1. How large is the accessible surface per residue of the chain, computed with a 1.4 Å probe and reported in Å² as a whole number?
2. Can you give the longest run of the chain that contains no trypsin sites (Lys or Arg not before Pro) sitting in a DSSP loop with at most 16 other Cβ atoms inside 10 Å?
3. In the chain, with Lys and Arg counted as +1 and Asp and Glu as -1 at Cβ, which of these residues, Ile157, Val188, Leu103, has the Cα nearest the positive end of the dipole, that is, farthest along it?
4. Pairs of alpha-carbon atoms within less than 8 angstrom and 6+ residues apart define the contacts here; what relative contact order does the chain have, in percent?
5. Measure off, as a whole percent, the carbon and sulfur share of the 1.4 Å-probe accessible area of the stretch 77-164, all protein chains present.
6. When each pair of different Cα atoms in the chain is counted once in the 1/r mean, what is the Kirkwood radius in angstroms, to one decimal?
7. Do the sum for the chain: with -39,500 (n - 2.57) for every DSSP H run of n ≥ 4, divided by all residues, what is the mean residue ellipticity at 222 nm, to the nearest 500 deg cm²/dmol?
8. Which of the chymotrypsin sites (Phe, Trp or Tyr not before Pro) found in the stretch 101-189 are loop residues per DSSP with 12 or fewer other Cβ atoms within 10 Å of their Cβ?
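The values are calculated or read from the model by the stated rules, or taken from the named source; none is laboratory data. Here the structure is a predicted model, which means the values were calculated and not measured. All Cβ positions, glycine included, derive from the backbone under ideal geometry; neighbour counts span all protein chains shown. Ligands, DNA and RNA are excluded from the accessible area calculation, which covers all protein heavy atoms including side chains. Shrake-Rupley method; radii C 1.70, N 1.55, O 1.52, S 1.80 Å.
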Amino acid sequence: LRVLLLGPLGPPHVADQALALRERGIEVHVGGNASGASFDSALAEAGFAVSGSPENARATPWGMAATVHWTRRLMAEVEPDLVHAHWLPGFGFAAAAAGASPLALTAWGSDVYRATRAQKLANRYALHRADLVMADSKDLLDACGAPDSNDLRSELIQWGADLRTFCPADAEERAELRRRLGLGQGPVILSPRTLMPVY
């Protein structure tokens, strides 16, 4: 199986997925706007050759046309069995407009919840042409619902956690962590999300 994975490369989503798919023996090719140094380097360290999209991909209609052209060229070069695009109004739209088939889309949230009028039109176009839409909450999947159609194939996919890094500490480790961090004996609540209305 050869997968072409497209999306923004600053956040960890695309890089994490590329690495996980490769671990499962899937041939993965990555393309996107390479703006996040830390995750770009994670891909480079793993031996991925990332194909960079036009810098103004979402800024103007001309930029989007350039991104569609770039996507079409990349698909011809890679000849993927599946195209999986993250971020609906950008790479999702470009992959759909470039004729990707089969096409899987992953919605991130703000690309749907905070979409401008133009982005909503791009989302609608991409969703009508997708074979599968994935999101990390039922509410987001509902918000993606295919306009004028009830047959949108969708899957709820939780991002998950690396259990080698995030695993329960034993009682001695917990006591040492509490002491070092100055925490009392009460419950500890962690909320790692940005304190913004969308979250």
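1. Numbers: 12040 Å² over 199 residues.
Accessible area per residue, the chain: 61 Å².
2. Values: sites that count: Arg24, Arg114, Arg153, Arg164, Arg193.
Between the exposed loop sites, the longest stretch runs 25-113.
3. Of the candidates, Val188 comes out farthest on the positive side.
4. On the way: 307 pairs, mean separation 28.7, N = 199.
Relative contact order for the chain comes out at 14 percent.
5. Details: 2220 of 4650 Å².
C and S fraction of accessible area: 48 percent.
6. Details: mean 1/r = 0.0544 Å⁻¹.
About 18.4 Å, per the Kirkwood formula over Cα pairs.
7. Working: 8 runs with 78 residues, N = 199.
-11500 deg cm²/dmol, from helical runs alone.
8. Values: sites: Trp108, Tyr113, Tyr125, Trp159, Phe166; in loops: Trp108, Trp159, Phe166.
Answer in residue order: Trp159, Phe166.
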